[in-house]
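The values are calculated or read from the model by the stated rules, or taken from the named source; none is laboratory data. Only a predicted model underlies this, so the values are computations on that prediction, with no experimental measurement involved. FYI the Cβ positions are ideal-geometry reconstructions off the backbone, even for glycines, and counts take in every protein chain you see. When the accessible area is computed, the model is the full protein with side chains, heavy atoms only, and any ligands, DNA or RNA have been set aside. Shrake-Rupley method; radii C 1.70, N 1.55, O 1.52, S 1.80 Å.
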Amino acid sequence: MRPKLKFLSEDLIRQIVDESVGILCKLGVELNNVEVLSMLSDYGAEVDIPNNHVTLKEDIIQKALDTSPKSFKLYDVSGVETNDFSGYKVHFTPGSAALNILDYHDNRIRKPLTSDYIKYAKLVNGLDHIKSQSTAIIPADVHDKISDSYRLFLSLLYGDKPVITGTFTIEAFEVMKNMQITVRGTEAELKEKPLTVFSACPTSPLKWSDVTSQNVVDCARYSIPVEFISMPLSGFIAPVTLTGTLVQHTAETLSGIVISQLTNPGAPMLYGGSPAIFDVRYETTPMGAIETMMIDCAYNEIGKYLGLPTQAYIALSDAKQLDAQAGLETGIGATLAALSGINSISGPGMLDFESCFSLEKLALDNEICGMTLRMLEGITPKEDFPTLPRLEELLQEGHLLISDHSMKYLNEEQYFPKPIIDRANRPRWIDEGSLTLGERAHRQVKESLDQYSSNSLSDDVKKELVRLMEKEAKKYGMDALPARDV
Amino acid sequence: MELLEQISISLQKGDHQKVYDLTKEAINNNLPPKEILDDGLLVGMNVISEKFRMHEIFLPHVLLAAKAMYAGLDQLKPLFIEGEMPNRGKVVIGTVHGDLHDIGKNLVGIMLKGAGFEVIDLGKNVPAENFVETAISEEADVIGMSTLLTTTVPVMKNVIELLKSKQPNGKVKTIIGGAPITGEVAMEMGATTYGYDAANAVERVKQLVGDR
């Protein structure tokens, strides 16, 4: 039996959805994109172009929900399926778009460079419980205007796994789409086997910028999956109650679903988000707060009720270092998210309110993900009835260490994390150097990087990716890309 | 592949039936027993020991390999002339008097046997005299004592002192282990060494008896 967690009754979910639909039909949303406003107008929405505003109608929302796909899959650069976003299946992906990286050597934050990104991409390739890359850090050694496409470029050049990404501008979409078509071969093949998910973030409360709404439209046109990242902050720019925040999150996400599905019915989407409570004491948005995690799990239930696969920024921490807080917030988040069946769990590796990435934390979190995935396997009898013969064997042999039954099921029943998780007794731990968690994680990162060889794209495809990226960089005055020989 | 190499590889895989069959074949082919042992079984077991020491493989794999080794070794034993059979060493083990917790001690016994030692397990709640008398009468190389309780740690010291008084030449070495035991505790009471887990205990015992 797969263990499951629920926070909302179906009655409450219905009430939340009805309330949010009512809000969209009464208050509507601010939408700063004339093309999108015109399209919505064509479908009967009440549009006020001078004021960048649209008021939706129940039937439009229903129409969009009716065409929303219940599931979709992602495929790696070679076209092998890696992520099945359906039902209660869960997949972990690193947290996304950090401005800083925590440098292991001096334990300080700094701006990430190309070399950091390449190390990150290589590391992700070897982490068995992380099923997709995300464009986790923003390299600071390229022009701002290409920092989005450049992340995808490096991920495709060095990693095999599909990429959770996004654009910072409308213009960047074109090259990011072209890179994907280069990897797949044709537009049709890309549609058949999605390679990326683009984050699309409405602005709370109830707003869509020109860039993000256009991005939803562009992705829908090419059937590139999007994840909607609504970010209400309880008590600040959302009601203080978790239920009120959920109503607002639902309204903002539904408005995104409408834009996507009216553009291209059936375009793949994740019902996602990055809501948080607002901590009035520190004026921060704690991703590790238990209430934040509860909102995540609950909106996932709403997404499932509406028939969509889901995503959340959870399994991450607000700690500044790889400390106990980092572990506990990530561990609790991963556990709750997995039990709730959030299909794409974005978080591993991330610290400090989604602003700082740590390779060591990612390696540690991979083990947390492994434990969590083991938990989801649940408790299932495996030749356990009758157990009597097992105990007879035990009494006769004195142990079951090499019993056939043990040898058959040991690796199924028990997940063995890498030695980042300390399970040695104290003398052995001392004997092996009294390493701290950070030191063990760093050692693991180094080992993983040593094991990396290359990704599976052909040299021709890589050359074309480089050509596309160099051409894009030239547009913004960069004659050469940073060196990649790290 | 050469027969002896096949024996080594089958042993490493923990395939006791295959090791049994191949050893039989080697004997039938008139290969010298010492060669079968040294260049087949022991080569395989040394690989296993090294992998275990490097934490590349774990308890069950070592025990499976050990079972396979004995499947071959038991056939060779009768072929060796008395005294010619290589002997890794003899270890008397037990949980000290006043303590009934013997899981750790049992694990050490299993692993020592796996590594080729002859093990005399005195069980639990073992009086000091028993350890010492058995070790002397059996001409053992090492006494291994375990305890889980802090209250029974001093009992280990009694055994060590009794051993010194009965056999002052230090021929029989001592190793202690268990939750309350650290290197410091071992040194204070005059034990030759200590082991922090079963694998470590086997390594230490190997060091105590030296290469044979």
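Tabulated data for the structure shown
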quantity: Sites B:Ile120 and B:Lys77 - FRET efficiency at Förster radius 22 Å, r taken between beta-carbons, to 0.05; calculated: 0.75
quantity: Shielded residues, the range B:55-94 - accessible-area loss of 30 Å² or more between chain alone and all protein chains, probe 1.4 Å; calculated: B:His55, B:Pro60, B:Leu63, B:Leu64
quantity: Förster radius 60 Å - calculated FRET efficiency between A:Glu470 and A:Lys4, Cβ distance, rounded to 0.05; calculated: 0.75
quantity: Contact surface B-A: accessible area buried, both sides summed, square angstrom, 1.4 angstrom probe; calculated: 1000
quantity: Fraction of accessible area attributable to carbon and sulfur, chain B (%, probe 1.4 Å); calculated: 53
quantity: Length-normalised contact order of the range B:90-209 in % [C-alpha pairs under 8 Å, at least 6 apart]; calculated: 28
quantity: Positions from the range A:378-425 whose accessible area shrinks by 10 Å² or more when the full protein complex is built, not the chain alone, probe 1.4 Å; calculated: A:His399, A:Leu401, A:Ile402, A:Met407, A:Leu410, A:Asn425
quantity: Violating pairs (Cα-Cα greater than 28 angstrom) within the set A:Lys191/A:Lys471; B:Lys124/B:Lys206; A:Lys193/A:Lys408; B:Lys90/B:Lys164; calculated: A:Lys193/A:Lys408
quantity: Accessible area (Å², per residue) of the range A:49-110, counting only protein heavy atoms and a probe of 1.4 Å; calculated: 50
quantity: Relative contact order computed over chain A (Cα-Cα under 8 Å; 6+ residues apart), in percent; calculated: 20
quantity: Segment A:Glu412-A:Ser458, extension gain: residue separation times 0.36 nm, minus the distance between their alpha carbons; calculated: 13.0 nm
quantity: Carbon plus sulfur fraction of accessible area for chain A, probe 1.4 Å, in percent; calculated: 53
quantity: FRET efficiency for A:Glu377 and B:Gln17, using Cβ-Cβ distance with R0 set to 45 Å, rounded to 0.05; calculated: 0.90
quantity: Cleavage-rule hits (chymotrypsin sites (Phe, Trp or Tyr not before Pro)) in the range A:1-74: DSSP loop, at most 11 neighbouring Cβ within 10 angstrom; calculated: none
quantity: For chain B, calculated [θ]222 nm from helices alone, where every DSSP H run of n ≥ 4 adds -39500 (n - 2.57); calculated: -16000 deg cm²/dmol
quantity: Longest exposed-site-free window of chain A, the sites being GluC sites (Glu not before Pro) in a DSSP loop that have at most 14 other C-beta atoms within 10 Å; calculated: A:1-282
quantity: Rounded, prolate or oblate (a/c below 1.5 giving rounded, otherwise prolate when a/b exceeds b/c) for the protein assembly as shown by Cα gyration tensor; calculated: prolate
quantity: Chain A: calculated mean residue ellipticity at 222 nm from DSSP helix runs of at least 4, using -39500 (n - 2.57); calculated: -14500 deg cm²/dmol
quantity: Kyte-Doolittle mean at least 0.5 and Cα axial length at least 18 Å: DSSP H helices in chain A; calculated: A:242-263, A:324-340
quantity: The range A:312-390: trypsin sites (Lys or Arg not before Pro) in DSSP loop, at most 12 other beta carbons within 10 Å; calculated: A:Lys382
quantity: Solvent exposure of the range A:428-486 as accessible area per residue, Å², 1.4 Å probe; calculated: 63
quantity: Inter-label distance for A:Asp103 and B:Ile103, nm, one decimal - labels placed 7 Å from Cα along Cα-to-Cβ; calculated: 4.7
quantity: Set of lysines near A:Lys418 by C-alpha distance (under 16 Å), chain-local residues within fewer than 8 positions excluded; calculated: A:Lys361, A:Lys446
quantity: Euclidean distance between Cα centres, the range B:72-114 to the range A:101-115, Å; calculated: 53
quantity: Heavy-atom accessible area order for A:Leu190, B:Leu100, largest first, 1.4 Å probe; calculated: B:Leu100, A:Leu190
quantity: Simple label model, 7 Å out from Cα along Cβ direction - B:Leu3 to A:Asp11, nm; calculated: 8.1
quantity: Relative contact order of chain B, defined on C-alpha pairs under 8 angstrom at six or more residues apart (%); calculated: 17
quantity: GluC sites (Glu not before Pro) lying in DSSP loop within the range B:94-172, provided at most 10 other Cβ fall within 10 Å; calculated: B:Glu139
